[in-house]
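The structure under discussion appears below in the form of structure tokens.
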């Protein structure tokens, strides 16, 4: 077996680490945060990062901004959670992104 074949086997055997990021913008209502968190907890997932703040919009209304990061989530599950987040009452916008790491960064 060549070195390239061994490297390919090792890279396929090692799960890729990625971080899914959600940015949720909603009306500043007290029931929004527990509803957002519920989507993760009912799947037995713990976000690796959660930051929330209330900011005033240009129109003078208070807006709740929640930024969530979670590691090693399957793409289909991540997309499903985003669709569910968009259906929560008072949620206006849900933005998603995925951060990935190269194989050299994983082995470091």
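Name the single residue that is surrounded by the fewest Cβ atoms within 10 Å (Cβ to Cβ) among those in region 1-40 being modelled with pLDDT under 95 and under 18 Å from residue 71 (Cβ atoms).
15
Collect the residues in region 46-57 that are more than 16 Å from residue 25 (Cβ to Cβ) and surrounded by 12 or more Cβ atoms within 10 Å (Cβ to Cβ), keeping them in residue-number order.
Let us first name the residues in region 46-57 that are more than 16 Å from residue 25 (Cβ to Cβ), namely 46-49.
Correct list: 47, 48.
Could you list, in sequence order, the residues of region 58-89 that are at pLDDT below 95, in a loop (DSSP other than H, G, I, E, B) and exposed (fewer than 12 other Cβ atoms within 10 Å of the Cβ)?
Correct list: 58, 59, 60, 61, 74.
The values are calculated or read from the model by the stated rules, or taken from the named source; none is laboratory data. For clarity, every value in this text was computed on a predicted model and none was experimentally measured. Cβ coordinates were reconstructed from backbone atoms using ideal geometry, including for glycine residues, and neighbour counts include every protein chain displayed.
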